[in-house]
Every structure is written in C-alpha cells, then in structure tokens.
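*Asks:* Dropping a structure here in structure tokens format, bear with me for questions.
The values are calculated or read from the model by the stated rules, or taken from the named source; none is laboratory data. Note that the coordinates shown come from a computational prediction; the quantities given were computed from them, not determined experimentally. All Cβ positions, glycine included, derive from the backbone under ideal geometry; neighbour counts span all protein chains shown.
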Amino acid sequence: MAARLERHVWRKPGTAHHQGNTIPTVKHGGGSIMLWGCLSAAGTGRLVRIKGKMIAAMYRDILDENLLQGALDLRLGRRFIVQQDNDPKHTAKISKEWLQGRLCES
C-alpha cells in the first residue's frame, strides 16, 4: 500500500488555480482493456477479454462461443433479450445473421 501524501498550500485569495499553485497529477495510468460480458437480473454471466482490435467476425465468434451458454448459465430459458448499441460490429451483416439464425424463432 502506498503512503498517503498530503500537501498544504497557502496562497492569496483568487489564485487557487494558477499554475504555480497546483500540483500535476495523473488520473489514469493509461492503457485499456476491452471486455464482452452478459448479465441479467439473475446475476452476471460470462466475461470475455478481447485481445487486439475487434472486428465483426471476432464479435460473431464471441457470440457463438459465449452468448447461448451464458444464457444457460444464468438460467434464462429460451426467451431472453439481447441488448447492444449501434456499434458497427453489432450491426454488421454477419452479426445480424448470426443473431437471426440462433435466437429468432422461424
């Protein structure tokens, strides 16, 4: 655990945000991680780490390997709603076709 560092500064009124009266900080150390996951009122399901840049084919493969099993793990039954935003990977033809073929009744 890092030691807590406190600094006290005395300055003239109205100069609190002058550069000489501030201490630069780094709020985020950089880097990122992309995840795909499923959840419901019943709890959290699978969480998959995506390595590299995700494309539509990779997204479809993640759905294929995880979505239905995640629904089973959460005991959602056959009727559940898949919610996603309008990211191009979600709206790509191969993603839509996979969802239509696996989740929609004919």
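*Asks:* Which one of these does GLY14 not meet: (1) exposed (fewer than 12 other Cβ atoms within 10 Å of the Cβ); (2) under 30 Å from LEU103 (Cβ atoms); (3) not β-branched (Val, Ile, Thr)?
*Replies:* For GLY14, the failing item is (2).
*Asks:* Oh, and also: Being within 30 Å of GLN83 (Cα to Cα) and out of contact with any Asp or Glu (no Cβ under 8 Å at 6 or more places or on another chain) is the requirement here; does ALA16 meet it? Please lay out each step first, then the result.
*Replies:* On the way: within 30 Å of GLN83 (Cα to Cα): no; out of contact with any Asp or Glu (no Cβ under 8 Å at 6 or more places or on another chain): yes.
No.
*Asks:* Please state which of the following conditions PHE80 fails to meet, knowing it meets all the rest: (1) touching a residue at least 40 places away in the same chain (Cβ under 8 Å); (2) part of a helix (DSSP H, G or I).
*Replies:* Going through (1) touching a residue at least 40 places away in the same chain (Cβ under 8 Å); (2) part of a helix (DSSP H, G or I) one by one, PHE80 breaks only (2).
*Asks:* Write out, first by first residue and then by second, each pair whose Cβ atoms fall under 7 Å of each other, whose residues are 6+ apart or on separate chains, and whose first residue, in the range 50-66, is more than 14 Å from MET34 (Cβ to Cβ) while the second is part of a loop (DSSP other than H, G, I, E, B).
*Replies:* From residues that are more than 14 Å from MET34 (Cβ to Cβ), the pairs are ALA56/ALA92.
*Asks:* If you go through the range 55-69 one residue at a time, do you hit one that is at pLDDT 90 or above, in contact with a helix residue (DSSP H, G or I) (Cβ under 8 Å, 6 or more places away or on another chain) and part of a loop (DSSP other than H, G, I, E, B)?
*Replies:* Scanning the range 55-69, I find at least one residue that is at pLDDT 90 or above, in contact with a helix residue (DSSP H, G or I) (Cβ under 8 Å, 6 or more places away or on another chain) and part of a loop (DSSP other than H, G, I, E, B), so the answer is yes.
*Asks:* Let me ask you something else. Read through the list (1) loosely packed, with under 12 Cβ neighbours inside 10 Å; (2) more than 30 Å from GLY101 (Cα to Cα), then give the number of the only condition that LEU35 fails.
*Replies:* It is condition (2) that LEU35 fails.
*Asks:* Give me the residue from the range 83-106 that is assigned to a loop (DSSP other than H, G, I, E, B), more than 20 Å from the chain's Cα centre (by Cα) and not polar (S, T, N, Q) and, out of that set, surrounded by the most Cβ atoms within 10 Å (Cβ to Cβ).
*Replies:* The first filter runs over the range 83-106 and keeps only residues assigned to a loop (DSSP other than H, G, I, E, B), leaving 83-87, 92, 104-106.
With more than 20 Å from the chain's Cα centre (by Cα) added as a condition, the list becomes 104-106.
Then drop every residue that is not not polar (S, T, N, Q), which leaves 104-105.
On the way: CYS104: 7, GLU105: 5.
The qualifying residue surrounded by the most Cβ atoms within 10 Å (Cβ to Cβ) is CYS104.
*Asks:* For the range 47-61, give me each residue that is under 15 Å from the mean Cα position of the chain (by Cα) and closer than 15 Å to GLN83 by Cα. So that I can check it myself, show each step before the final result.
*Replies:* Pass one, the range 47-61, residues under 15 Å from the mean Cα position of the chain (by Cα): 47-54, 59.
TYR59 - this is the single residue of the range 47-61 that is under 15 Å from the mean Cα position of the chain (by Cα) and closer than 15 Å to GLN83 by Cα.
*Asks:* Restricting to the range 1-58, name every residue that is in contact with a Phe, Trp or Tyr (Cβ under 9 Å, 6 or more places away or on another chain) and among the aliphatic types (A, V, I, L, M). Talk me through it step by step, then tell me what you get.
*Replies:* Taking the range 1-58 as the starting set, the residues that turn out to be in contact with a Phe, Trp or Tyr (Cβ under 9 Å, 6 or more places away or on another chain) are 36, 40, 46-50, 54.
LEU47, VAL48, ILE50, MET54 - these are the residues of the range 1-58 that are in contact with a Phe, Trp or Tyr (Cβ under 9 Å, 6 or more places away or on another chain) and among the aliphatic types (A, V, I, L, M).
*Asks:* If I ask for residues that are among the small types (Gly, Ala, Ser) and more than 20 Å from LEU35 (Cα to Cα), which ones from the range 67-106 would you list? So that I can check it myself, show each step before the final result.
*Replies:* Of the residues in the range 67-106, the ones among the small types (Gly, Ala, Ser) are 70-71, 77, 92, 95, 101, 106.
Matches in the range 67-106: GLY77, GLY101, SER106.
*Asks:* With the checklist (1) surrounded by 12 or more Cβ atoms within 10 Å (Cβ to Cβ); (2) in contact with a strand residue (DSSP E or B) (Cβ under 9 Å, 6 or more places away or on another chain) in hand, flag the one item ALA56 doesn't pass.
*Replies:* It is condition (2) that ALA56 fails.
*Asks:* To continue, here is another question. With the structure loaded, tell me whether THR25 is surrounded by 10 or more Cβ atoms within 10 Å (Cβ to Cβ) and hydroxyl-bearing (Ser, Thr, Tyr) or whether it fails that test.
*Replies:* On the way: surrounded by 10 or more Cβ atoms within 10 Å (Cβ to Cβ): no; hydroxyl-bearing (Ser, Thr, Tyr): yes.
No: the conditions fail for THR25.
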